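Inspection log for the structure reproduced underneath, given as structure tokens.
Here, each number is a calculation from the coordinates, and none is a lab measurement. Predicted, not measured: the structure shown is a model, and the values here were computed from it. Cβ atoms come from the backbone with ideal geometry, glycine included; neighbour counts cover every protein chain shown.
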Amino acid sequence: MGVKMAKTDKKTSSGNTADKALDLRSPAYYWNRELSWLAFDLRCLNEARRKETPLMERLNFLSISASNLDEFFMVRVASLQDMAKGGYTKKDIAGMTATEQLEAILAKTHEFVDLQYSTLNHQILPALKQEGIVFLSDYDELSEAEIQYLDNYYETEVYPVITPMAVDSSRPFPLILNKSLNLGALLRRKTDAGPGILGHTKKAVKALKSERENLEFATVQVPSVLPRVIVLPENLRRDAGKNTETGEEKPAKQTRIVLLDTLIRRHMDSLFRGYDVIYTCPFRIMRSADMDIDEDEAEDLLKEIEKSLKQRRHGDAIRLEVEAGIDPRLLQILVEELHLNPNEVFQVDGPLDLTYLSKVRKVPGYDDLREHRYADPQPVPELPKGCDIFAQIRKGDIFLCHPYETFQPVVDFIANAAVDPQVLAIKQTLYRVSGNSPIIAALAKAADNGKQVTVLVELKARFDEENNIGWARKLEKAGCHVIYGLVGLKTHSKITLVVRREDDGIRRYVHLATGNYNDITARLYTDVGLLTCKEPFGEDATAVFNMLSGYSEPKYWNKLILAPLWMKDRFKYLIGREKTHVLNGEEGHIKAKMNSLCDPDIIEALYDAARAGVKIELIVRGICCLKVGIPGISENITVHSIVGNYLEHARIFWFANGGKPEIYAGSADWMPRNLDRRVEIVFPLEDPKVKEKAEHILDVELDDTEQASILQPDGTYARVDRRGKEKVNSQLIFSQEAVAAAKAAKPPVSEQRVFVPETHQPEE
Amino acid sequence: MAIHTFAAVDVGSSQQELKIFEISRTRGIRPVDSIVRRIDLGTDTYNTGKIRPERVREMAKLLGEFSSIMQNYGVESYKAYGTSAIREMNNPSLVLPYWERLSGIHIDVLSNSEQRFLDYKSVASRGENFRKMISDSCAIVDIGGGSIQISLFDKDVLTATQNMRLGVLRLYEKLSHIDVRTAQRDEMVEELVNTQLEVFCKLYLGERRIHNIIVVDDYISAIMQANHREFIEADEFCDRVSSLHRTEVTEKMDVSDDDYPLLYVSGVLMRCIIRAFGASLIWAPGVTLCDGIVYEYAERRKLITKTHDFEQDIIECAGNISKRYMGDAERGESLQKIALRIFDATKKYHGMGSREKLLLRLAAILHDCGKFISMANLAECSYNIIMSTEIIGLSHIEREIVANVVLFNHKDFVYYEEQENASDLDEKSYTTIARLTAILRVANGLDRAHSHKFDNLHLAIKDDLLVIQADAGVDISLEKGMFGQRAAFFEEVIGLLPVIRQKK
């Protein structure tokens, strides 16, 4: 039966019939998504530039801005390049061709990288130095003992794992791994060295300057298996024993750091005996990672992904980073061999790959430089430790807010189900799981206990395939029924179903969430989840897994809204319904929070509703193609973006619905990829208490004055004008509220003797 | 609380469904899971009589999956039925055991009338709405691929049921061979449908109107369900059918392109029926065969209280058939009465149950229907009428049993071993025929003159005798005289010799 859910009310969904002259799809009304993406990365970088941010957290934000940019290049720039090279001329939502976008992106990225390094050199490093954390790139600054220590370390740890590679006619340009850090060198053979390792027979099409000078190219990968940050033991300092500034006996605490690449650079000579190393310079390349698996042809999806993972290493280079002031001869070799355009080369003023800063953040000590205001994940009041989780869910729906509340109940939910004799089946979708995931262990145990365990492991989760294949195999071995995704669709929904046989028949317990089943990221990402055993949800959850197992879709859905078939229309209907309310003289109001907003159909519906007078308040962390403040179109729309201590990740959608508000949460952003190409689930929050909690999240975030930025009509983001406003840091408030709720829920046990340290909450 | 977990499996022509139910006395029937896969078995069997090997294997795999799902739910019992695709196979005796061996699932084949009866039961399982609908004049229109079944109700009781070759696939097939404009297409379907409907109306309705229609189908019901609706006014329905334009339906109502033509044909077909019946309200309860299977199971196991007396429906239908052929209702009534008393009195000896008792009643009701055609060939004509009249709720075998009992009531009994023509009857069914024939014959013998001489019948078993006592003062010499042969057959089959005695 191919009949699907009936679509929306025609009157409200089809949009702008009132004013035919106005084309709400005009490119003039949309921002390019890539540039909007860079604007988000800039907001992360701005956190690193912010003096209110504790120093160590600033390191982290700078590191994040760097890894974000890496991902952006691998995914977005790569596919734009494919499009440009493939002669794809279709314009994007903002009317730009792929080539135009690439040019704009590269120009912006150069500015961005310059800002990263100026932040590093002029703000972060001086501040670190002031706190006693020093980076040493010059051996002159090292003590004899320190040099000895480093030489020793090099001989025993580093040298055995590095492989110098030279280039000549018989040895083609080596494969430079994606994202790896390398040292490139120019060599000249010593006159008395006898026959060298390099021949001179290469007939280059184009004679490079280095060749004319008889210079050879060699490269060494900085091994990724060793830590890049080497902290020198404190007792080796030249001034060990006395404080240089005061002359006192006890020196000021200092952390002296040498980067691994600095160390290897120092020893380059020893790697190429018989050659003089004329010049050495670090370089790093980024390759495209956008891989498309042809699922129709792939007989065994698993094998196909393994194959394409290997291929990823061979993708085209799309960015080259080198140290500023690199020898032009060396640069020329790299540019030629890697087929790069000049604007794809980034000469940076400092160490390449700033992600090492997140490691520096972890050096021991310096606790006062870190963020402490946010409490650890708190117990969920409805789920006290050791409770019967199923009995608690039977009492009513339970709403979970991570990371303010602990993710443990979700792990317990599955772990308890695994050993509960009444449980018949556990079914779950896994998108990205953590290494050593307790959930995987629980699922395997359940299968071992004879439960029917069905797990959909999405192999196509970007960058996570290797990890996922490993888990999939492990689960299969344990006897779980593993489904490797659906052909042509990425399964991004987060849902768990536990089927339990109880005295009065089968009861289904469902967990639905906005975030992955990953206990590690659940400490860093803000997500919400719902535990329920309401029958309509249970029925739908059963139908979801039947569908994912290859059986037919149900005739209708009770509660859940699924992409790719039904979700977009439903959202368009819900947005259109607000417009209808306004036209009927009632209030129309939408509050929604998501990671990205770039679906043209949804944006058009939002414009259409806003024009009619619907108030639309959006909280969009990342990409937002919607323009605010277009006269007559989007003056009723505001877009906030929160970049804070945690990564904003929950998707929550609130519709006023003429005084009977409806609120939904789910795994989908308002992006074409979520709405059209993925299996996503959005679920209604119905319990009045749960609704209140979810709406509270939206309201507090909309009031945020500390971590929020507001999208301006010109596409930039400005910090909230705090004048006359109370300071509101939404994430901090949620954290404090979770602490208070957990405390209130704790039973007053007299013999309990736990001393809770007061959390220090300094004024901003 | 005792809860039974039951699985119903429908091996349909185009899709196969496994539905898991929980049945309890307090909560009734509760569906727990429904697993549907679409494997096209029908096209193969309709064209070649065989399912191609890869589909046979695919089906075996699916049944295996069903079997493990059933196991996971801890299913206590199940019932699996094959419908027309399996019914029309040439080689079910090879394929069905193969599937059973690989999956452990035994599939029984439903005759059309059994299938329709289950569909009907699935509707009846919907309790209150069903009672409301049939309390007024009502028809269940069960639309299949090859044929439709219309069952009429009058004051809570099923009065007639008729199968017509107007299935949606069949109609669509006919249309697809003709190149017509869209506007003409409506007319063509209407013409095909209306000629048959007219006959039906003439036969069963006369001037009567049918106010309520219950529709059981795949396409209209699905659209209604997707819209979370079950009821629709007939006028609104007809309006909607008139505006069923392809693009609008496929886009706005999200019907796949493949399904559109069949939805369209279903709509036009229903519109014809609505108009012919003068109906005002349509109910699409969205039930499937599986709902009927579980209802039947729960009813037989007495796990639920009956919402409707289905036996009464069957008897009523038989009564109407008899009426159509000018059968003697009064005679049938007294014959039934006597036959049932003999049945009850000798239960210990013949060992038959309530189902056979029902068949005996039907044989008594229909015992003389053939005289409408020929009084001389009463036996053969009765047999033929019964064999070609669908009696809803009876399996093919059961119908054959009734027809044979009626035949042998008038003619010499042919022993199982003596049969000349191939038949579907197995030895067990044949024994049932013999036993029911013996009872009906004795009953018939006691009512030779049709004069209610044995209205106050008294039966007693003494040693090897079934003593039949007639009231004093009644002349029973005719019965006594013609009783010998009947009594001998009864003794041969049941082991008791019936004797007639008169009260002194």
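Couple of notes before you dig in:
- Helical content alone sets the calculated 222 nm signal of chain A at -10000 deg cm²/dmol, taking -39,500 (n - 2.57) per DSSP H segment of four or more residues and averaging over every residue.
- Using θ = phi - 60° in the Karplus curve 6.51 cos²θ - 1.76 cosθ + 1.60, the 3J(HN,Hα) couplings for segment B:65-81 round to 5, 4, 4, 6, 5, 4, 4, 4, 7, x, 5, 8, 8, 8, 9, 10, 10 Hz; x is entered for Gly and Pro.
- Greater than 22 Å apart at Cα, pairs in A:Lys445/A:Lys534; A:Lys427/A:Lys743; A:Lys385/A:Lys743: A:Lys445/A:Lys534; A:Lys427/A:Lys743
- Degrees separating the helix A:328-337 axis from the principal Cα axis of chain A, which is the longest one: 50
- Rounded, prolate or oblate (a/c below 1.5 giving rounded, otherwise prolate when a/b exceeds b/c) for segment A:562-745 by Cα gyration tensor: rounded
- For segment B:310-502, the tally of Lys pairs with Cα-Cα distances below 16 Å comes to 11, considering only residues 8 or more apart or on different chains.
- Pairs from the table (A:Lys179/A:Lys253; A:Lys91/A:Lys179; A:Lys451/A:Lys474) lying more than 24 angstrom apart at Cα are A:Lys179/A:Lys253; A:Lys91/A:Lys179.
- Once backbone amide H atoms are built at 1.01 Å from N, A:Leu486 has A:Thr491 as its partners under 5 Å, excluding neighbours fewer than 5 places away on the same chain.
- Electrostatic tally near A:Asp703: other residues with Cβ closer than 12 Å to its Cβ, Lys and Arg +1, Asp and Glu -1, net -2.
- Two-site FRET efficiency, B:His458 against B:Gln312, from Cβ-Cβ distance with R₀ of 25 Å, rounded to 0.05: 0.35
- By the count of neighbouring beta-carbon atoms within 10 Å, fewest first, A:Val700, B:Val402, B:Val241 end up ordered A:Val700, B:Val241, B:Val402.
- D (Stokes-Einstein, µm²/s), Kirkwood Cα radius, segment B:25-64, 0.890 mPa s at 25 °C: 196
- Shielding value for B:218-224 is 3, the average number of Cβ atoms from other chains within 10 Å of each residue's Cβ.
- Unsatisfied cross-links (Cα-Cα over 28 Å) in the set A:Lys593/A:Lys660; A:Lys490/B:Lys50; B:Lys174/B:Lys202: A:Lys490/B:Lys50
- Counting only alpha carbon atoms, the long axis of helix A:144-153 and the longest principal axis of chain A meet at about 70°.
- When peptides A:478-490, A:501-513 are sorted by average Cβ neighbour count within 10 Å, with the highest value leading, the order is A:501-513, A:478-490.
- Residues B:Asp40 and B:Ser243, FRET efficiency given R0 of 25 Å [Cβ-Cβ distance, rounded to 0.05]: 0.25
- Near the amide H of A:Gln452, within less than 5 Å, lie the amide hydrogens of A:Ala425, A:Ile426, all on another chain or at least 5 residues away, with H placed in the peptide plane.
- Cross-link partners of A:Lys90 among aspartates and glutamates (Cα-Cα below 14 Å; sequence separation of 8 or more within a chain): A:Asp82, A:Glu100
- Annotation: for a label point projected 7 angstrom from Cα along Cα→Cβ of A:Glu686, residues of segment A:563-595 with backbone N closer than 20 Å are A:563, A:566-567, A:570-571, A:574.
- Available extension along the chain between A:Arg719 and A:Ser79 is 227.2 nm, counting 0.36 nm per residue and deducting the alpha carbon span.
- Calculated [θ] (222 nm, deg cm²/dmol) that DSSP helices of n ≥ 4 give over chain B, each run adding -39,500 (n - 2.57): -16000 deg cm²/dmol
- Net charge of Cβ neighbours under 15 Å - reference A:Asp599; Lys, Arg +1; Asp, Glu -1: +2
- Antiparallel DSSP beta bridges within the protein assembly as shown, as percent of all bridges there, nearest 5: 65
- Global form of segment A:360-453, assessed from the alpha-carbon gyration tensor, a/c cut-off 1.5: oblate
- Legend note: in chain A, cysteines whose Cβ sits 4.7 Å or more from every other cysteine Cβ are A:Cys44, A:Cys281, A:Cys387, A:Cys401, A:Cys480, A:Cys533, A:Cys624.
- Taking a ≥ b ≥ c as the square roots of the eigenvalues of the Cα gyration tensor, an a/c ratio of 1.5 or more together with a/b larger than b/c marks chain B as prolate.
- Considering only segment B:4-110, percent of DSSP beta bridges that pair antiparallel, nearest 5: 65
- In nm, spacing of pseudo-spin labels at B:Thr195 and B:Arg101 (7 Å Cα→C-beta vector): 4.8
- Here's how it looks for A:Val348: its modeled amide H is under 5 Å from those of A:Val322, A:Glu323, A:Ala324, which are all 5 or more places away or on a different chain.
- Counting only alpha carbon atoms, the long axis of helix A:408-419 and the longest principal axis of chain A meet at about 70°.
- Between the listed residues B:Val123, B:Asn72, B:Tyr415, the Cα displaced farthest toward the positive end of the dipole of chain B, a dipole computed from Cβ unit charges relative to the Cα centre, is found at B:Tyr415.
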